[in-house]
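One structure below.
The values are calculated or read from the model by the stated rules, or taken from the named source; none is laboratory data. Remember, predicted model here, so these are calculated numbers, not experimental data. A quick note on method: Cβ atoms are made from the backbone with ideal geometry, for glycine too, and the neighbour counts reach across all protein chains shown. Remember, those area values only see protein heavy atoms, side chains included, never the ligands or the DNA or RNA. Shrake-Rupley method; radii C 1.70, N 1.55, O 1.52, S 1.80 Å.
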Amino acid sequence: LDPIRANTYDLSVEWYPYDEALIAVAFFAKDIDTFVQRLGTFMPYSETGFPISLLPAGVTPDDLFDVTSFVNTPGGELSGFEITAQTPFTFLPGLWSNFGGQLSYTDIDSEISYVLSTALNAAFVDAPITGQSPKSLSATLYYEEGPFQARISGVYRDEYLTLVPAASGNDVEGKAETFNLDFSMSYELNDNFAVSFEAINLTDQYDERWINSVRKNSNNYEHTGREFVVGLRYKY
């Protein structure tokens, strides 16, 4: 396999109006020359290159096997922008001045040429890049005063593709949109000890995956639940 190669272009404008504050806008574009995709195909075992001796009883070399491999594609284009803002709330009175916030929004448009078959008359299909949400948004509210720190963060991801082409003649596989909310806090008891608490996936988000862009049949629906972690750290 050839590695993923691309010519990239980036432009960012950043403004720091006061201490710990940032407003930034970044634009990016990638001309992807080569891309690596996962490809699933059916082929006779005799064409896989594995020895016949590995076959169990009752299976012949002419039987079809579901084979997954990785192949290079002609690549494609990706472009988008990101807006970031962060600030402490030092302009607020009293206790509120210890708060702060961070906000980030990303918008991406992409089109990759995917291989449908490795045969001599190989066909291609254009689709968005896998693993990347077209739109995503994250926000954090934090509090810091002396030895105590706390923050709550939310992340939204638009649905995105996970596999092109998909199995059994389907066009794509994808992952449904998600919104995760996490909380963490810590307190330094002294110079050596600190205690912490984390609450992960407070929105009880399911891992929902689908297959076929039209029907969106359920492909996986996994529930991990909320997680709570208490920790004690020692340093010297």
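At a glance:
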{"item": "Most mobile listed residue (63, 207, 109) in the chain, GNM with C-alpha springs under 10 Å", "result": "63"}
{"item": "Listed residues 186, 17, 213: farthest to the positive end of the dipole of the chain (Cβ charges)", "result": "186"}
{"item": "Aspartates and glutamates with Cα under 18 Å of residue 235, excluding same-chain neighbours fewer than 8 positions away", "result": "188, 191"}
{"item": "Probe 1.4 Å, protein heavy atoms only - accessible area per residue of the chain in square angstrom", "result": "63"}
{"item": "Test item: Cα-centred dipole of the chain, Lys/Arg +1 and Asp/Glu -1 on Cβ, debye", "result": "320"}
{"item": "Charge sum, other residues only, whose C-beta stays under 13 Å from residue 233's C-beta, Lys/Arg counted +1 and Asp/Glu -1", "result": "-2"}
{"item": "The chain: relative contact order as a whole-number percent, Cα under 8 Å and 6+ apart", "result": "12"}
{"item": "Relative contact order [Cα under 8 Å, 6+ residues apart], the range 70-137, whole percent", "result": "31"}
{"item": "Whole-percent carbon and sulfur share, accessible surface of the chain, 1.4 Å", "result": "56"}
{"item": "Most positive-pole-ward Cα, 53, 112, 165, against dipole of the chain from beta carbon charges", "result": "53"}
{"item": "The range 7-57 - percent relative contact order, Cα under 8 Å, separation 6 or more", "result": "30"}
{"item": "GluC sites (Glu not before Pro) within the range 105-150, DSSP loop, no more than 14 other Cβ atoms inside 10 Å", "result": "none"}
{"item": "Chymotrypsin sites (Phe, Trp or Tyr not before Pro) restricted to the range 47-144 and DSSP loop, no more than 16 other C-beta within 10 Å", "result": "89, 91"}
